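*Asks:* Please find one structure pasted underneath; my questions will follow.
The values are calculated or read from the model by the stated rules, or taken from the named source; none is laboratory data. Since the model is a prediction, treat every value here as computed from it, not as a measurement. Positions of Cβ are generated from backbone atoms using ideal geometry, with glycine treated the same way; all protein chains shown enter the neighbour counts.
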Amino acid sequence: MPKNAKILVCDDDETLCYLLKEQLIEEGFSVDTVYDGSLAIDAIKNKNYDILLLDLTMKIVNGEEVLKFVSEYNSSIQVIILTAQSELRKAVDCIRNGAYDFINKPYNFDELLITINRALEHHDLLVKTTILSNQVNKKLSSRIIGNSPGLQKAINLANKAALSESNILIEGETGTGKELFAEYIHKYSSRCDKPFVIINCASLPDQLIESELFGHEKGAFTDAKSTKQGLVEIAHGGTLFLDEIGELSLSLQPKLLRFLENGEYRRIGGVTTLTSNIRVISATNRNLLEEADNKKFRRDLLFRLNVITLTIPPLRERKEDILVLSNHFLETKSPIRSPKKITPHAEDALLKYDYPGNIRELEHIIERALIFAEGELIHYDDLNLPRSSSIIELLPSEPEENENGNGIISMDELEKIHIIRALRHFRWDRTQTASQLGISQKTLYTKIKKYEIKQD
């Protein structure tokens, strides 16, 4: 039984409310009581509850109206009807309309306690299902592979960070495993039995990010056909992982800052202030101090996010881990029980490559090699490693003289050439190109527009 589960008791019998509250508190629950449906609706708007014990017959707003409100406002609240024998037909109708169960008055507390615990299990299942529906391809894993000193240092710091309640900022290039470290910290924290919720700040426009984070009320905008819980509400008691936090717009940063300061937020279109207790882990491949100096990121928000800073080293600084990771990917990606082996020549090539896309790129290289290799061995040619991206190779073979007659091109021109070659290499696949360049898709799109790059 969750010790911090929150229960709202709504019944116009004040004596019953008092007795129920005392009994439930002894069982470790947090309990509030109200004596009318109108007060129950106000309480639900202002606080997150897991269970609602609801009487049907009340003077101002009856239980059926409250149930209808709950089903539209926050359907994860499990409603247990407290009903008299004469109201059994109404109680059955309430089950059809979304209530979890009903208990006859006078109630047997042991039976009620069993029903509450079952309802809480159902509540947790609903929350987990909601998380999974928002993260279809996300798999929670805490296995961090590698023995290099740099990685072990990061793991040691992650272990210490997991024991705290402080917000954490994870820094590192694209593909270094920042999300994996966030999952690792959550799994070994005191919040491990609560939700771990992820949102990528670079993947959605501003309004959708705000709606995903804080939720919205019915009718708040054109497509808001029902009230939606935000991820800060779903993650209550657990961890919220904000990936690519450096991409969050300046217009949304004050709203996130306000939430971090006091745990308070409002749904889009809402007037009620709600609260949620979560730990925030954020990640970035940018230097947020430089972004703050350039007025692209709020300095006060940065200080709220990076109480603890964890830096993940790039793969090129973890040469000892390359072959260990390669063999791991061979095992996990191989469709057969006996995975293929890498030849010494191919291993040497893997060790010499720089991996601008880090671990994610190595994973793709091994996966591709498994497809190309015809026998039981993976040879150098099967790796299909990209050509070296040194500065010399990026320059035109015969640079034209500029207006100064010195044949030197600007950094913008150099960047444009690099982006065009990367796009051609990946056949204009922007997702792969952004990953290999170590930038977000939004940044790549901005640079394509800036340099007026068109597919040839």
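*Asks:* Show me the helices (runs of 4 or more DSSP H) found entirely inside segment 18-129 where at least 3 residues are of a type in the set (A, V, I, L, M) and at pLDDT below 85. Explain how you work it out, then say what you get.
*Replies:* Values: elements: 37-46, 63-73, 88-96.
Those helices (runs of 4 or more DSSP H) span 88-96.
Table: residues versus (1) over 30 Å from N147 (Cα atoms); (2) without any contact (Cβ under 8 Å) to a residue 40 or more places away in the chain; (3) aromatic (F, W, Y).
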site: P254; (1), (2), (3): yes, no, no
site: R267; (1), (2), (3): yes, no, no
site: T273; (1), (2), (3): yes, no, no
site: N285; (1), (2), (3): no, no, no
site: L305; (1), (2), (3): no, no, no
site: P314; (1), (2), (3): no, no, no
site: K340; (1), (2), (3): no, yes, no
site: D348; (1), (2), (3): no, yes, no
site: L351; (1), (2), (3): no, yes, no
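*Asks:* Considering segment 299-328 alone, what residues qualify as being touching a Pro at 6+ places or on another chain (Cβ under 9 Å) and over 27 Å from K160 (Cα atoms)?
*Replies:* The one that is touching a Pro at 6+ places or on another chain (Cβ under 9 Å) and over 27 Å from K160 (Cα atoms): N327.
*Asks:* A further question follows. Could you look through segment 344-369, keep only residues that are in contact with a helix residue (DSSP H, G or I) (Cβ under 7 Å, 6 or more places away or on another chain) and more than 17 Å from V324 (Cβ to Cβ), and pick out the one that is surrounded by the fewest Cβ atoms within 10 Å (Cβ to Cβ)?
*Replies:* H345
*Asks:* Of all residues in segment 435-456 being outside any loop (DSSP other than H, G, I, E, B), more than 23 Å from the chain's Cα centre (by Cα) and among the basic types (K, R), which is nearest to G246 (Cα to Cα)?
*Replies:* The extreme case among them is K447.
*Asks:* Another question, then. Across segment 291-301, which residue is nearest to H186 (Cα to Cα) among those that are buried (at least 16 other Cβ atoms within 10 Å of the Cβ) and touching a residue at least 40 places away in the same chain (Cβ under 8 Å)?
*Replies:* Initial filter on segment 291-301 (buried (at least 16 other Cβ atoms within 10 Å of the Cβ)): 291-292, 297-298, 301.
Adding the requirement that they be touching a residue at least 40 places away in the same chain (Cβ under 8 Å) leaves 291, 297-298, 301.
Details: E291: 27, F297: 26, R298: 26, L301: 22 Å.
Per the criteria, the residue is L301.
*Asks:* Which residue pairs have Cβ atoms closer than 6 Å, lie 6 or more positions apart in sequence or on different chains, and pair a first residue in segment 420-434 that is part of a helix (DSSP H, G or I) with a second residue that is crowded, with 16+ Cβ neighbours inside 10 Å and among the β-branched types (V, I, T)?
*Replies:* A422/T433; L423/T433
*Asks:* Of L240, L257, L288, which residue is more than 21 Å from R191 (Cβ to Cβ), touching a helix residue (DSSP H, G or I) at 6+ places or on another chain (Cβ under 7 Å) and surrounded by 22 or more Cβ atoms within 10 Å (Cβ to Cβ)?
*Replies:* Details: L240 fails: more than 21 Å from R191 (Cβ to Cβ); L257 fails: surrounded by 22 or more Cβ atoms within 10 Å (Cβ to Cβ).
Step by step, each of L240, L257, L288 is checked, and only L288 is more than 21 Å from R191 (Cβ to Cβ), touching a helix residue (DSSP H, G or I) at 6+ places or on another chain (Cβ under 7 Å) and surrounded by 22 or more Cβ atoms within 10 Å (Cβ to Cβ).
*Asks:* Kindly list the number of the only condition in (1) surrounded by 23 or more Cβ atoms within 10 Å (Cβ to Cβ); (2) more than 34 Å from the chain's Cα centre (by Cα) that fails for V66.
*Replies:* Looking at each condition in turn, V66 falls short on (2).
*Asks:* If I ask for residues that are modelled with pLDDT of 85 or more and not assigned by TED's automatic domain parsing to the domain that holds E452, which ones from segment 386-420 would you list?
*Replies:* The answer is none; no residue qualifies.
*Asks:* In segment 70-102, which residues are under 16 Å from K21 (Cα atoms) and touching a Ser or Thr at 6+ places or on another chain (Cβ under 7 Å)?
*Replies:* I80
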